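A quick write-up on the structure given underneath.
The values are calculated or read from the model by the stated rules, or taken from the named source; none is laboratory data. In this text the structure is predicted, and so the values were computed from the model without any measurement. Methodologically, a virtual Cβ is constructed for each residue, glycine included, from the backbone with ideal geometry; neighbour enumeration extends over all protein chains shown.
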């Protein structure tokens, strides 16, 4: 029967728990080794061992049921958990992935995508299924191709998902699965969550990152950050999001701590959306991180199909396809490029939220030669600025600084000095067209060249 304990008794029980269960403290979490099949603590060998991240609720139940501790307040439980963290062994993690394999036991997924015999080192992430490498992948492949409407998109999606199996590095990518509903994206996200397991996932939204909520700390130790239905609210600030996606650290002040907690993750960010939210950040830095996949089809409700997709054989087939699309860190610049379909989705979104891009499309319709003239490398910025300002609604009081900032989001500009009528004059020129604007201009002028000749 659980009962109240003194602080000294809690300390003794925390110490005994840490020692008896080989507890490890890593990134502000407590891990314990368990048998990958039975879940029993103190597994017999490395080939049967995975490391479980113990949630606060699990630790409370463990304290109640095993140690007969009754906590009178939340603060008392936090004190016990803090003691447990201090008694647990603090060791650096090996940034690999444990994979239970049918007939072999636990294996380590190496940096080259091959399965290797474990040595017993602390590895916090593992797959939550027993992988069968002999399953047929044809049905799974056809399903993915149908979901994303093409083989090129399916290959690209699997390349990106392979990065989610590699905790040692981050691709600095945020995958957006976009579609109205009943189109496969939620089923895919459920498959990934079951495959990776709730112990190895978080569900921090872009809004929570924007507001630097304390829930962002859940990213520590996560292999994937999976958001099933992303909010549509306007995103005012993307700086924290960009920092976390890039694998860089931020410091948060948690409610029950008086010191900052460091959050740093290599998790793969994946979010399902009916419609992409607008954001105040139109910078190329954010757009380089967002990879969009359209799920355009609509299917009849079929619970038996979803059950098949969640079965061990379907999940094993997905793992096999991911391993076949392995991307090493050295290959990310070539294998993680946006497909044409993803680039078009980016253009559509950028156009819908960026007045300057809407202006360029309007100019293309009126005078494609003028569009080419004012946006080419070496052109003066002033004609583009004047035309853009004139196009904007007259009711808006817009200063020249706003116009220039809008242009510089999509064009790299420099000041150059030239002699005009014998006098040195400084003019701002276009030095480079940024990727989003370049892709839009190319699309707008497609077919116009022959007419201009």
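Among the candidates 67, 10, 82, which residue alone is more than 33 Å from the chain's Cα centre (by Cα) and part of a helix (DSSP H, G or I)?
That would be 10, the only listed residue that is more than 33 Å from the chain's Cα centre (by Cα) and part of a helix (DSSP H, G or I).
List every residue pair whose Cβ atoms lie under 7 Å apart, where the two residues are 6 or more positions apart in sequence or sit on different chains, the first residue falls within region 76-102 and is closer than 13 Å to residue 26 by Cα, and the second residue, located anywhere, is assigned to a helix (DSSP H, G or I).
84/14; 84/17; 84/18; 87/14; 87/15; 87/18; 88/18
For region 347-359, how many residues meet the condition of being under 22 Å from residue 274 (Cβ atoms) and in contact with a helix residue (DSSP H, G or I) (Cβ under 6 Å, 6 or more places away or on another chain)?
Going through region 347-359 one residue at a time, the tally reaches 3.
Tally the residues that are over 14 Å from residue 6 (Cβ atoms) and in contact with a helix residue (DSSP H, G or I) (Cβ under 8 Å, 6 or more places away or on another chain), restricting the search to region 68-85.
Adding up the residues that qualify gives 3.
Select from region 259-276 the residues that are at pLDDT 85 or above and in a loop (DSSP other than H, G, I, E, B) and write down the one among them that is nearest to residue 295 (Cα to Cα).
274
Given the residues 21, 57, 64, which is the only one that is without any contact (Cβ under 8 Å) to a residue 12 or more places away in the chain and not assigned by TED's automatic domain parsing to the domain that holds residue 261?
57
In this structure, does residue 217 turn out to be over 26 Å from residue 310 (Cβ atoms), in a loop (DSSP other than H, G, I, E, B), in contact (Cβ under 8 Å) with a residue 40 or more places away in the chain and assigned by TED's automatic domain parsing to the domain that holds residue 329?
Criteria not met by residue 217.
Regarding region 281-288, can at least one residue be identified that is surrounded by 15 or more Cβ atoms within 10 Å (Cβ to Cβ), modelled with pLDDT of 90 or more and in contact with a helix residue (DSSP H, G or I) (Cβ under 8 Å, 6 or more places away or on another chain)?
Looking for residues that are surrounded by 15 or more Cβ atoms within 10 Å (Cβ to Cβ), modelled with pLDDT of 90 or more and in contact with a helix residue (DSSP H, G or I) (Cβ under 8 Å, 6 or more places away or on another chain), one finds none in region 281-288, hence no.
Go through region 24-37 residue by residue and tally those that are in contact (Cβ under 8 Å) with a residue 60 or more places away in the chain and assigned to a strand (DSSP E or B).
Of the residues in region 24-37, 5 are in contact (Cβ under 8 Å) with a residue 60 or more places away in the chain and assigned to a strand (DSSP E or B).
Being touching a strand residue (DSSP E or B) at 6+ places or on another chain (Cβ under 9 Å), under 12 Å from residue 173 (Cβ atoms) and assigned to a helix (DSSP H, G or I) is the filter here, so list the residues in region 326-348 that pass it.
342
Determine which member of the set 301, 323, 318, 244 is more than 18 Å from residue 145 (Cα to Cα) and crowded, with 18+ Cβ neighbours inside 10 Å.
Going through 301, 323, 318, 244 in turn, just one is more than 18 Å from residue 145 (Cα to Cα) and crowded, with 18+ Cβ neighbours inside 10 Å: 244.
Just one of (1) surrounded by 13 or more Cβ atoms within 10 Å (Cβ to Cβ); (2) touching a strand residue (DSSP E or B) at 6+ places or on another chain (Cβ under 8 Å); (3) not assigned by TED's automatic domain parsing to the domain that holds residue 274 trips up residue 424, so point out which.
Failed condition: (1).
Give me the residue from region 115-145 that is assigned to a loop (DSSP other than H, G, I, E, B) and without any contact (Cβ under 8 Å) to a residue 60 or more places away in the chain and, out of that set, surrounded by the most Cβ atoms within 10 Å (Cβ to Cβ).
121
Exactly one of (1) modelled with pLDDT under 95; (2) touching a helix residue (DSSP H, G or I) at 6+ places or on another chain (Cβ under 7 Å) is unmet by residue 105. Its number?
Among (1) modelled with pLDDT under 95; (2) touching a helix residue (DSSP H, G or I) at 6+ places or on another chain (Cβ under 7 Å), residue 105 violates only (1).
Which of (1) touching a helix residue (DSSP H, G or I) at 6+ places or on another chain (Cβ under 8 Å); (2) modelled with pLDDT under 95 does residue 197 not meet, given it meets every other one?
Just one mismatch for residue 197, condition (1).
Keeping to region 362-384, report how many residues are without any contact (Cβ under 8 Å) to a residue 60 or more places away in the chain and in contact with a strand residue (DSSP E or B) (Cβ under 9 Å, 6 or more places away or on another chain).
9
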